[in-house]
Amino acid sequence: MFCSTARRVAVGCSRVAARSLSIRPAIDLPRLAAVPVFKVQTRLSSVEVFGPFDTPKQLTFKEVEQRVLKAIRAWDRFPADKAGLLKLDAVFTELGFDSLDHVEIMMAIEDEFAFEVPLSEAERLKTPKDIFRFICEREDVFE
């Protein structure tokens, strides 16, 4: 008997709560009609400027060579007397650079080309020509 009374009270309370929640506004607002929205799709290949920046232009062999040598010369501890000896075929050890110098040169190259050279690859790059080849392979330079 107690269970049936409790059930009647619970059902009655839920009906009262449901009625109090269904409050109608004093003013009926007009409903907005659904406006169809049509989007024009374009192919990405037809977009000339993608985002706020222009797409990077393709590098050439000459540009890569100049930028490699420029990055090595711009290194803050590069000796001025060795500037004439710096060519693509020069070996870093013959120029008097030790392993710490090699790491700093690789950091200058990374800053110049805006990508990170993996340590395993950096250990193999003993001459500016090796760096030149690595960058040409990585950046797909086929000029």
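Odds and ends about this structure:
- Cα convex hull of region 61-138 - mean projected area over all directions, nm²: 4.7 nm²
- Sorting Asp130, Asp111 from the fewest to the most surrounding beta carbons within 10 angstrom yields Asp111, Asp130.
- Simple spin-label estimate for Lys87 and Glu116 in nanometres, 7 Å along Cα-Cβ: 3.6 nm
- Summed residue charge, Cβ within 10 Å of Leu88's Cβ, Lys/Arg positive, Asp/Glu negative: 0
- Residues Phe92, Phe142, Phe61 arranged by fewest to most Cβ contacts within 10 Å: Phe142, Phe61, Phe92
Each value in this text was obtained by applying a stated rule to the coordinates, not by laboratory testing. The model shown is predicted, which means the values in this text are computed figures rather than measured ones. Using ideal geometry, Cβ is built from the backbone for each residue, glycine included, and neighbour counts are taken over all protein chains shown.
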